[in-house]
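S.K.: Before we start, here is the structure in question, set down as structure tokens.
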Amino acid sequence: MSGPVGDFGLIGLAVMGQNLILNAADNGFTVVAFNRTVSKVDHFLENEAKGKSIVGAHSIEEFCSKLKSPRRIMLLVMAGKPVDDFIETLLPHLEKGDIIIDGGNSHFPDTTRRTKYLDTKGIRFVGSGVSGGEEGARYGPSLMPGGNEEAWPFIKDVFQSIAAKSDGEPCCEWVGDEGAGHYVKMVHNGIEYGDMQLICEAYDIMKRALGMSNKEIGDVFTTWNKGVLDSFLIEITRDIMYFNDETDGQPLLEKILDSAGQKGTGKWTAINALDLGMPVTLIAESVLARCLSSIKGERTRASEKLQFVGRSTKFEGNKEQFLADLEQALYASKIISYAQGFMLMQEAAKEYKWKLNKPSIALMWRGGCIIRSVFLKDITDAYRTNPDLENLLFSDFFNKAIHTAQPGWRDVVSKTALLGIPTPCFSTALSWFDGYRTKDLPANLLQAQRDYFGAHTFKMKPEAANEKYPADTNIHVNWTGRGGNVSASTYQA
Ligand code: NBP
């Protein structure tokens, strides 16, 4: 048997694995390939991999024996049990210091568990977010590695070579400990849900409020893609608007069933935001908007029973101005979504005790991935200027941007409400913004209600405290004159 020749090993020859191997080979690495169904190895070697620095293995033992030490092994298999199964199969053939990287869409608690488990075996585990789909894997994905940091110096060359580049910088940096890489990928996907829903709302408004054709809407997206909204998702939306069904020359989009699917990463983000008590409203709304879309049968029946009652369903006003306002509404809502996403990651870092590198996160999303955009360059700059920025909206750039966008954004949300066109994400973004910038919210009443019916206690505003109701004390009031003075234990929900 020949000695170790492989710089990098990859298990999983489906769409992502094959393309990532070809990418690594193009970047000068010798890659060893393996797959559960071994016939796929031979097929790959005889076709796509032919003539490239790619060698195959027909057993895990052969695979491991062909890799130089410390072994760098990436799994690109279906997330879940297959990852654990492959780890167990690999373990007897590995040596201390070897590295296993899971590049699938694993849920971050699994990655934290695997990092800890493999640490006890002397194996360095990395969970890496990989974004960009087939095209990204082949020509440069966004890579978000986290886990056992000792592995980073050994995988940095491969990862940064194969990753997408933005202004010459690789869209790949070390994210943080344990499940941090997969966490950041999860939030990336949540933000992707939000970006997509916002674009859908803009399309719906142009179609129904302004009565525009798909070609006209495509032209607007073409223009937007040259400004602050310049991004991959706007670009593909433009192409979708122009795409006609060749059987009758009509826009294919209008024939697609309006019932959205989901694979769960947006839901994971929303659930985690609730777990951490973080107001990530836009991602949550975008997940719920997909849920509402998917009850198509019930919506069809509701459309017959529930009528629009209002002044007019027809837009009246300056169409050009409204389109300019719509661009600003989309931009402002997007800023809110990213501000919320970074708030969530900041809180997760605190909760899970990770060191998160915020400027690098924005940089990693700048190229290669689905949410890539010009906008992420501004976020990178904001966090590079001040890595401890409390909130994205406090940076000079975004502070100015959100103030400039506000009048148009308000106009769009109010007009669409009057016209009866749903804008769950535009609206929640504006509502969140107004809540976030409000010093005194009506939660004082909420606290009073909780104390009234459940003796849950409240605290006084420091400036209003007095001898009877002192500051920084849990107070219960006998609101009715009946009942006792016993308070319920306080808790944070
Ligand atoms: P799939 O998610 O379709 O997985 C196919 C691979 O998993 C094959 O190698 C298959 O082996 C293996 N596999 C399965 Br299925 N069940 C297995 C089991 N029980 N034990 C061992 N191996 C098993 O491939 P993919 O679309 O290339 O995605 C790979 C990973 O990357 C996934 O976690 C995915 O979520 C993630 N991801 C995908 C994309 C994308 O755009 N597709 C983007 C970013 C991340 P077999 O050939 O023997 O059946």
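The values are calculated or read from the model by the stated rules, or taken from the named source; none is laboratory data. Note that the structure is predicted; figures quoted are calculated from it, not measured. Cβ: placed from backbone, ideal geometry, glycine included. Neighbour counts: every protein chain shown. Ligands, DNA and RNA are stripped out before the accessible areas are found, and what is left, the full protein with its side chains, is counted by its heavy atoms. Shrake-Rupley method; radii C 1.70, N 1.55, O 1.52, S 1.80 Å.
S.K.: Bin width 5 Å, origin at 0, all Cα-Cα pairs of the stretch 168-307: what percent of pairs per bin?
M.R.: Distribution as computed: 2, 8, 14, 16, 18, 16, 12, 8, 4, 2, 1, 0 percent.
S.K.: Can you tell me how much longer the chain between ARG384 and LEU45 gets when fully stretched, taken as 0.36 nm per residue apart minus their C-alpha distance, in nm with one decimal?
M.R.: Full extension of this stretch gives 117.7 nm more.
S.K.: If you take all C-alpha pairs in the stretch 114-178, what percent of them are over 21 Å apart?
M.R.: 26
S.K.: Once amide H atoms are built 1.01 Å from N in the peptide plane, which residues 5 or more positions from GLY6, or in another chain, come under 5 Å H to H?
M.R.: Those qualifying (amide H under 5 Å, at least 5 residues apart or on another chain) are LEU67, LYS68.
S.K.: Treat each spin label as a single point 7 Å out from the Cα along the C-beta direction, and report the LYS461 to ILE256 distance in nm.
M.R.: So the label points at LYS461 and ILE256 sit 5.0 nm apart.
S.K.: Rg and Dmax of the stretch 340-431 over Cα atoms: what are they, in angstrom?
M.R.: For the stretch 340-431, the Cα radius of gyration and maximum Cα-Cα distance read 15.7, 47 Å.
S.K.: Give me the percent relative contact order of the stretch 1-44, please, defined on Cα pairs under 8 angstrom at least 6 residues apart.
M.R.: Over the stretch 1-44, the number comes to 44 percent.
S.K.: Which pairs break 22 Å Cα to Cα here: LYS116/LYS353; LYS350/LYS400; LYS116/LYS185?
M.R.: LYS350/LYS400
S.K.: So what's the stretch 45-98 giving for Cα Rg divided by 2.2 N^0.38 Å, two decimals?
M.R.: Normalised Rg, Cα atoms only: 1.26.
S.K.: Oh, and also: Which whole-number value in Å² is the accessible area per residue of the stretch 327-399, probe 1.4 Å?
M.R.: For the stretch 327-399, the solvent-accessible area averages 35 Å² per residue.
S.K.: In square nanometres, what is one fourth of the surface area of the convex hull spanned by the alpha carbons of the stretch 159-248?
M.R.: Taking the Cα atoms of the stretch 159-248, their convex hull projects to 8.6 nm² on average.
S.K.: Quick one: the Cα spread of the stretch 386-493 along its three principal axes, in angstroms, biggest first?
M.R.: Rounded to whole Å, the extents work out to 52, 41, 24 Å.
S.K.: Hey, what do the phi angles of the stretch 260-270 turn into as Karplus ³J(HN,Hα) couplings, whole Hz, using 6.51/-1.76/1.60 and θ = phi - 60°, x for Gly and Pro?
M.R.: 7, x, 7, 9, x, 6, x, 5, 4, 5, 5
S.K.: List the residues of the stretch 119-134 whose backbone N lies under 11 Å from a point placed 7 Å from the Cα of ILE236 along the Cα-to-Cβ direction.
M.R.: Under cut-off, by backbone N: 132-134.
S.K.: Just how many % of Cα pairs in the stretch 308-355 lie over 12 Å apart, if you round to the nearest whole percent?
M.R.: 74
S.K.: Taking Cα centroids, how far is the stretch 93-153 from the stretch 427-446 in Å?
M.R.: Result: 40 Å between the Cα centres.
S.K.: Using just the alpha carbons, could you tell me how many Å³ per residue the convex hull of the chain encloses?
M.R.: 209
S.K.: Now for a separate question. Given the Cα atoms of the stretch 1-151, and with Rh set as the inverse mean 1/r over their pairs in the Kirkwood sense, what is Rg to Rh to two decimals?
M.R.: Rounded to two decimals, Rg over Rh is 0.93.
S.K.: Can you quote the Å³ per residue value for the convex hull of the Cα atoms in the stretch 323-394, rounded to an integer?
M.R.: Convex hull volume per residue, Cα atoms: 94 Å³.
S.K.: Still on this structure, please answer the following. Give, rounded to the nearest 20 debye, the magnitude of the charge dipole that the stretch 74-224 has about its Cα centre when Lys and Arg contribute +1 at Cβ and Asp and Glu contribute -1 at Cβ.
M.R.: Charge dipole of the stretch 74-224: 200 debye, to the nearest 20.
S.K.: Got the relative contact order for the stretch 70-229 handy, in percent, Cα pairs under 8 Å and 6 or more residues apart?
M.R.: Dividing the mean separation by the residue count of the stretch 70-229 yields 18 percent.
S.K.: I would also like to ask the following. Normalised by the residues of the chain, what does the relative contact order come to in percent, with Cα pairs under 8 Å and at least six apart?
M.R.: 12
S.K.: Let me check the size of the stretch 269-422 from its C-alpha atoms; what are the radius of gyration and Dmax in Å?
M.R.: 18.7, 54
S.K.: With no solvent and one point per C-alpha, what does the Debye sum give as log10 I(q)/I(0) for the stretch 232-337 at q = 0.15, 0.23 Å⁻¹?
M.R.: Log-scaled intensity ratios, in q order: -1.12, -1.23.
S.K.: Using a basic spin-label model with each label point 7 Å from the Cα along Cα→Cβ, how many nm lie between ALA448 and GLU316?
M.R.: 4.1
S.K.: Here's another thing I want to ask about it. If you wrap the stretch 139-211's Cα atoms in a convex hull and average its projection over all directions, what's the area in nm²?
M.R.: 6.5
S.K.: Quick one: length gained pulling ASP167 to LYS353 fully straight, 0.36 nm per residue minus the C-alpha distance?
M.R.: Roughly 63.8 nm would be gained on extension.
S.K.: I need the phi-derived Karplus couplings for the stretch 117-134: 6.51 cos²θ - 1.76 cosθ + 1.60, θ = phi - 60°, integer Hz, Gly and Pro marked x.
M.R.: Going residue by residue, I get 4, 6, 4, 5, 9, x, 9, 8, 10, 10, x, 10, x, 10, 10, x, x, 4 Hz, with x marking Gly and Pro.
S.K.: Points 7 angstrom from Cα along the Cβ direction at PHE397 and THR438: gap in nanometres?
M.R.: 3.1
S.K.: Still on this structure, please answer the following. Beta carbons within 10 angstrom, averaged per residue: use that to sort the peptides 339-349, 308-318, 153-163, highest first.
M.R.: Highest mean packing first, the order is 339-349, 153-163, 308-318.
S.K.: I would also like to ask the following. Once every Cα of the stretch 79-208 carries one equal point scatterer and solvent is ignored, give the base-10 log of I(q)/I(0) from the Debye formula at q = 0.12, 0.17, 0.21 Å⁻¹, two decimals.
M.R.: For the stretch 79-208 at q = 0.12, 0.17, 0.21 Å⁻¹, log10 I(q)/I(0) is -0.50, -0.88, -1.20.
S.K.: Something else now. Ignoring solvent entirely, what values of log10 I(q)/I(0) come out of the Debye formula for the stretch 194-236 at 0.25 Å⁻¹ when each Cα is a single scatterer?
M.R.: Results for the stretch 194-236 at q = 0.25 Å⁻¹ read -0.89.
S.K.: Another question, if that's okay. Show me the ranking of peptides 256-267, 281-292 by mean Cβ neighbours inside 10 Å, starting with the highest.
M.R.: Averaged packing, sorted descending, gives the order 281-292, 256-267.
S.K.: What percentage of all Cα-Cα pairs in the stretch 94-134 are separated by more than 13 Å?
M.R.: 52
S.K.: Going by average Cβ density within 10 Å per residue, which order do the peptides 121-131, 3-13, 435-445, 225-235 take, highest to lowest?
M.R.: The peptides rank, most packed first, as 121-131, 3-13, 225-235, 435-445.
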